[in-house]
Amino acid sequence: MITSSANVDSQYLFSKIVQHDESITPMHLDLPDEVDDTISLAYGDADPALFPVDALITAVDSMLTGNLDISLNYAPAYAGLVALVQERMARINIPLAHNEIMLANGSSQILSLLPQIMCDAGDVIIVEGPSFLGAVETFFNCGLTIETVPVRDDGMDLDILEATLVRLAAQGIRAKFIYTIPTFQNPTGSLMPLANRQRLVALAAQYGVLIVEDDAYGDLHFENPIPPKLIALDPKWVLYVGTFSKILAPGVRMAWACGPSEVIKRINRFKTEGSNGPFMTRLVAQVSADGWLDQHIAVLNANYAKKCQVMLETIAEAFPSDVRYNRPQGGFFVYAYLPADLPVSRLLPAAIANGVSFLPGTTCYADGQGTHEIRLAFSFQSLEKVVEGIRRLGATMHQLRQA
């Protein structure tokens, strides 16, 4: 006899990881409700004014006119997109064979598959702190033990990383992978210089630990050329994750991973829904062909560089002088460090009451850090709203100090 659902404890339905965690992850935060006129500087959405609408419409029209059956029927991913990835990576001195590349529905899909092929519950991974909140949440929810290595202005603190690897080795533990965003890191915007990149891959090789190089913002640089990718320095010990989301449109959900063929083979094995299909892969390849994508990226960089500069100038005018913040050379974010009397828990509700929101730094750590850190996205809002949002936030800081 089936017991009435009203009398059943539903907790038994869930995994052990979820059963005893009401908040699901330590990054969970009950945010105050935003009012309609709130200027959100919280999330790294792309600027919709920069979406390549005409190019996408033209590509879709061409596909549905001349390639209806092969675009909309069951079929594997379009091989031309893999060739496009190969060509773009070869341009930055990263030659790849077909079996060293896989396509995915956004980089987050790749990050969610990694623990399935590399980790058992409780295994140790090393993650930057702060880091991409989606990755931190994914790894935590898989039941992994997360060692956090702090991020400095020049990226992951390699002295602390080395000390962590030494300590783990003394305990007979080898971390399963090191997750890093060396280029315009999310959320801090830091850029790891060449010497640090060389030391990082050397440490990975020495201790036999795979590096997962998340390069979501690598194309979005405002000033000088960026250093070589980690995978270019040591392809044996690096799995590279790239995406079209930031340079075409996030809704396209198209990314790729490349690296050791044995890793790629196993990720594909656990990508149980199969290939990405012909429509979206053909669309991305067609709209990106013949140099168009590089021209579009140049437009993006000019616009995002302007937004970043405007945000930095307004912060300098509006924030208290003891708020420290980075000056990114690319990406979507400015990261700020608050003084002791302005914790996020006090600032966020007051800011939302004044019509502006931001991302608390606590969401970017697996261990509760970030209580005096905030991420400010300049990517989505218009220049006018970037200015107004920062002014509202600065006014809130001053008001709290006067209270």
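Quick look at the numbers
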| item | result |
| --- | --- |
| Equivalent ellipsoid semi-axes - Cα gyration tensor, the chain, angstrom | 32, 28, 25 |
| Förster radius 30 Å - calculated FRET efficiency between residue 292 and residue 383 (Cβ-Cβ, nearest 0.05) | 0.70 |
| Loop sites in segment 129-225: trypsin sites (Lys or Arg not before Pro), DSSP, at most 13 other Cβ within 10 Å | 174 |
| Set of lysines with alpha-carbon distance to residue 265 below 20 Å, sequence-local pairs under 8 removed | 176, 236 |
| Rounded Å value of the spacing that divides the Cα centres of segment 172-197 and segment 285-306 | 26 Å |
| Relative contact order %, the chain, counting alpha carbon pairs below 8 Å whose residues are six or more apart | 25 percent |
| Cα→Cβ-extended label distance, 7 Å offset, between residue 57 and residue 224, nm | 4.3 nm |
| Whichever lysines have a C-alpha closer than 24 Å to that of residue 246, once near sequence neighbours (fewer than 8 apart) are set aside | 229, 271, 306, 307, 385 |
| Convex hull volume per residue for segment 71-289, taking Cα atoms only, in Å³ | 117 Å³ |
| Gap separating the Cα centres of segment 207-227 and segment 102-148, nearest whole Å | 17 Å |
| Helix-only mean residue ellipticity at 222 nm for the chain, each DSSP H run of n ≥ 4 adding -39500 (n - 2.57), per residue, nearest 500 | -12500 deg cm²/dmol |
| For 393, 248, order by how many other beta-carbon atoms lie within 10 Å, fewest first | 248, 393 |
| Mean separation of Cα contacts under 8 Å, 6 or more apart, over the residue count of segment 71-289: relative contact order % | 30 percent |
| Dipole magnitude (debye, nearest 20) for the chain, charges at Cβ of Lys, Arg, Asp, Glu | 740 debye |
| Exposure proxy ranking, count of Cβ atoms within 10 Å, fewest first, for 137, 162, 128, 223 | 223, 162, 137, 128 |
| Residue 49-residue 120 FRET efficiency (beta carbon distance; Förster radius 45 Å; 0.05 resolution) | 0.45 |
| Value of relative contact order over segment 188-329, rounded to a whole percent, pairs C-alpha under 8 Å and six or more apart | 27 percent |
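Bear in mind these aren't lab numbers, they're just calculated from the coordinates by the rules spelled out. Keep in mind that this is a model prediction, so the values were computed, not measured. Glycine gets a Cβ as well: all are built from the backbone with ideal geometry, and neighbour counts include every protein chain shown.
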